[in-house]
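What follows draws every value from the coordinates through simple rules; no lab data is involved. The shown structure was predicted, so the numbers you read here are calculated from the model rather than taken from an experiment. Counting neighbours? That spans all protein chains shown, and the Cβs are built from the backbone with ideal geometry, glycine included.
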Amino acid sequence: MGLLEFLEWCEDLKMQPVLAVYAGYSLGGEHVTPGSDLEPYVQDALDEIEYVTGDVTTNWGAERAKDGHAAAFPLTYVEIGNEDFGDRSGSYNTRYAQFYNAIKKQYPSLQIIATTKVTGMTPDVQDDHYYKRAEEFFKDVHHYDNAPRTGPKIFVGEWATREGMPTTNFGAALGDAAWMTGMERNSDLIAIASYAPLLVNVNPNGMQWQSNLIGYDALTSYGSPSYYAQAMFASHIGTEIVAAELQGAGDRLFYSVTKDAAKGTVYLKLVNASSAAQKLKITLDGAKSVKATAKLVRLTAGSTAATNTINDPKRVVPVESTVTGVAKTFTRTVPGYSIEVYEIGVQ
């Protein structure tokens with residue numbers, strides 16, 4: 001993908017890009033010395049930002065218009081480098097500051113993302129990466145619950161449960177969903193998150209990285225169980241986090257609760273990563289009244305190995321149903337190996 005193709009792809013999908021700029025460190029270990037040696041790379045970043053956001057009266061905005069897109073693209077986040085925690089030279093602090101100061105001077109409203117911890121200044125956002133097995137995510141689901149709120153916001157910029165190939169299996173979807181409940185509960189701290197790797201060619205020798213979200217060949221594509229878990233979470237999310245607690249449940253039951261007051265809707269997400277069903281009593285203490293029926297979207301499978309393929313793309317997909325008997329206090333049995341989202345009407 002070229003830059004304009006990437007930007008137009010984001011535009012078609014009605015999403016904003018995160019623009020990552022080369023910051024003088026390559027994953028092979030090479031780095032550019034901060035100062036005059038780094039200055040051309042800083043200027044490249046400024047030119048690239050102008051290409052994305054500048055109007056047609058600017059040098060690079062005019063070039064974008066010549067390329068066929070006169071309107072500027074929206075941009076909120078610019079990331080300085082990638083995985084600079086691997087740079088043993090210790091130069092990232094200075095390299096980051098050089099980019100940060102130059103970009104903020106010209107584009108003060110942009111949020112600047114650091115790829116590792118820096119000292120002497122507080123980045124707008126810090127990028128954290130996690131590639132784990134499902135069991136590791138189950139144990140780490142409270143990672144951000146007690147994290148300090150005095151530092152930068154967090155961008156979980158690369159994360160995935162790495163189980164299944166070429167695309168993930170249902171065990172990975174359970175790990176992903178469990179981790180997403182933790183991110184959602186802490187969305188006052190976690191500004192954005194993005195799953196990786198995203199796409200894989202399922203033809204022989206087409207895979208570069210194991211455990212991907214979406215598989216494709218020359219004719220068609222399909223979503224993995226993890227893809228559908230992502231879609232369920234993304235399409236059922238409130239505008240505020242609701243105070244909630246879970247008592248007496250098994251250690252493989254995970255949850256998050258959000259609310260959209262304008263819609264009068266509570267979104268309850270439950271992940272049962274155990275093979276055994278769990279019976280729950282759900283109490284909505286803060287509601288004045290509760291609609292007697294609720295929408296339920298459930299993703300489940302008979303085993304963690306269950307998956308989708310290019311020839312069987314819909315083996316594991318969400319199923320929507322209506323739940324009756326909903327009240328301020330009601331009971332539900334959550335099946336083993338399941339991800340559930342309840343859309344509950346409240347006043």
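Remarks
- Among 234, 121, 178 the positive-end extreme of the charge dipole of the stretch 3-234 (Cβ point charges): 178
- Karplus (6.51, -1.76, 1.60) ³J(HN,Hα), θ = phi - 60°, over the stretch 6-11, in Hz, Gly and Pro reported as x: 4, 5, 5, 4, 4, 4
- Expected 222 nm ellipticity per residue - DSSP helices of 4 or more, -39500 (n - 2.57), all of the chain, to 500: -7000 deg cm²/dmol
- Relative contact order of the stretch 240-346, pairs being alpha-carbon contacts under 8 Å that are 6 or more residues apart, as %: 38
- In this calculation the C-beta distance from residue 66 to residue 324 is compared with R0 = 45 Å, giving a FRET efficiency of 0.15.
- Relative contact order (percent, whole number), the chain, Cα cutoff 8 Å, 6+ residue spacing: 12
- Dipole orientation for the chain: of the candidates 267, 221, 154, 267 has the Cα lying most toward the positive pole (charges on Cβ; Lys, Arg +1; Asp, Glu -1).
- Residues 66, 259, 139, 153 in ascending order of nearby Cβ atoms (within 10 Å, fewest first): 66, 139, 153, 259.
- Integer Hz, Karplus 6.51/-1.76/1.60 couplings in order for the stretch 332-347, x for Gly and Pro: 9, 10, 8, x, x, 6, 8, 10, 10, 10, 9, 10, 10, x, 9, 10
- 15 Å beta-carbon shell around residue 32, net charge (K/R +1, D/E -1): -4
- Rounded to the nearest 20, the Cβ-based charge dipole of the chain about its Cα centre (Lys and Arg +1, Asp and Glu -1) stands at 1820 debye.
- For the stretch 229-234, 3J(HN,Hα) computed residue by residue from phi via the Karplus equation (6.51, -1.76, 1.60; θ = phi - 60°) reads 4, 4, 5, 4, 5, 5 Hz, glycine and proline entered as x.
- Ranking of 279, 263 by neighbouring Cβ atoms within 10 Å, starting from the fewest: 279, 263.
- Among 270, 198, 299, the largest mean-square fluctuation in a Gaussian network model of the chain (Cα springs under 10 Å) belongs to 198.
- Subtracting the Cα-Cα distance of residue 55 and residue 136 from their residue separation scaled by 0.36 nm leaves 24.5 nm.
- Neighbour counts of C-beta atoms inside 10 Å place 332, 149, 185 in the sequence 149, 332, 185, starting with the fewest.
- Diffusion coefficient, µm² s⁻¹, Stokes-Einstein with Kirkwood Rh over alpha-carbon pairs of the stretch 271-347 at 25 °C and 0.890 mPa s: 177
- Calculated on the alpha-carbon coordinates, the convex hull of the chain measures out at 164 cubic angstrom per residue.
- For the pair the stretch 209-277 and the stretch 6-58, the centres of their Cα atoms are 33 angstrom apart.
- With a cut-off of 19 Å on the backbone N, the residues of the stretch 1-26 near the modelled label site 7 Å out from residue 107 along Cα-Cβ are 2-12, 14-25.
- Angle of helix 39-53 to the longest C-alpha principal axis of the chain, folded into 0 to 90 degrees and rounded to 10: 60°.
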